[in-house]
1. Among the candidates 98, 29, 49, 8, which residue alone is assigned to a strand (DSSP E or B) and out of contact with any helix residue (DSSP H, G or I) (no Cβ under 9 Å at 6 or more places or on another chain)?
2. So which residues in region 57-94 are assigned to a helix (DSSP H, G or I) and buried (at least 16 other Cβ atoms within 10 Å of the Cβ), if there are any at all?
3. Under 18 Å from residue 78 (Cα atoms), without any contact (Cβ under 8 Å) to a residue 24 or more places away in the chain, more than 27 Å from the chain's Cα centre (by Cα) and not in a strand (DSSP E or B): does that describe residue 166?
4. Looking at the structure I just gave you, is residue 160 touching a helix residue (DSSP H, G or I) at 6+ places or on another chain (Cβ under 6 Å) and assigned to a helix (DSSP H, G or I)?
5. Inspect region 104-113 for any residue being within 19 Å of residue 194 (Cβ to Cβ) and touching a strand residue (DSSP E or B) at 6+ places or on another chain (Cβ under 8 Å) and give the result as yes or no.
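The values are calculated or read from the model by the stated rules, or taken from the named source; none is laboratory data. This structure is a prediction, so every number in the text was calculated from the model and none was measured. Glycine gets a Cβ as well: all are built from the backbone with ideal geometry, and neighbour counts include every protein chain shown.
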């Protein structure tokens with residue numbers, strides 16, 4: 001009888017502890033299950049992240065490769081244009097650098113004098129004529145690399161305004177060559193006799209008494 005009360009208290013305590021243990025065990029099991037699920041999701045996310053990273057690197061390399069291909073094509077075309085008009089001792093280069101995560105291009109002209117190469121900006125190379133020729137060649141290069149403009153004329157307004165008379169005949173021949181190679185009609189406005197004479201069809205526009213008078217001066221048909 002003396003210990004009955006103590007035994008009852010111990011049994012009650014045991015039941016409380018057993019209930020607390022059962023609740024905490026269930027909570028532990030729930031947390032472990034949630035941990036496994038989170039771990040599973042984390043692993044899936046990491047795998048997706050790795051795949052996306054690989055795709056990003058692949059796309060970046062592909063973009064760099066495509067950009068390099070286009071860069072080389074433009075350099076070659078502009079260099080050929082410059083050499084066709086000014087001679088073999090000149091070439092065109094493009095330098096591309098990443099600035100604020102964006103590619104930026106700088107244009108350079110490399111001239112060879114007495115075996116030494118001199119690198120300058122186009123506007124500093126042999127006067128304005130070089131800039132005119134580079135602008136002409138770049139326009140052609142861009143047109144040939146734009147898919148939706150694979151057909152259509154090249155429209156020019158005084159394309160060789162600053163080219164000296166020493167080289168203007170070469171410009172005329174080059175335009176004729178470009179028209180044939182790329183199978184494009186060239187529509188050009190010019191005051192230069194050499195350039196107008198290379199055309200298959202030419203019109204003269206004169207202002208008389210406030211009116212534009214158009215006269216056909218050449219027709220190859």
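1. Checking each option against the conditions leaves just 98.
2. Within region 57-94, 71, 74, 75, 77, 78, 79, 81, 82, 84, 85, 86 qualify.
3. no
4. Taking the combined requirement at face value, the residue does not satisfy it.
5. no
Each row is one residue, and each column tells you yes or no for (1) at pLDDT 85 or above; (2) over 12 Å from the mean Cα position of the chain (by Cα).
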{"residue": "57", "(1), (2)": "no, yes"}
{"residue": "66", "(1), (2)": "no, no"}
{"residue": "76", "(1), (2)": "yes, yes"}
{"residue": "85", "(1), (2)": "yes, yes"}
{"residue": "92", "(1), (2)": "yes, yes"}
{"residue": "95", "(1), (2)": "yes, yes"}
{"residue": "104", "(1), (2)": "no, no"}
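For (1) exposed (fewer than 11 other Cβ atoms within 10 Å of the Cβ); (2) in a helix (DSSP H, G or I), each residue gets a yes or a no:
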site: 174; (1), (2): no, yes
site: 178; (1), (2): no, yes
site: 184; (1), (2): no, no
site: 188; (1), (2): no, no
site: 199; (1), (2): no, no
site: 204; (1), (2): no, no
site: 214; (1), (2): yes, no
site: 217; (1), (2): no, no
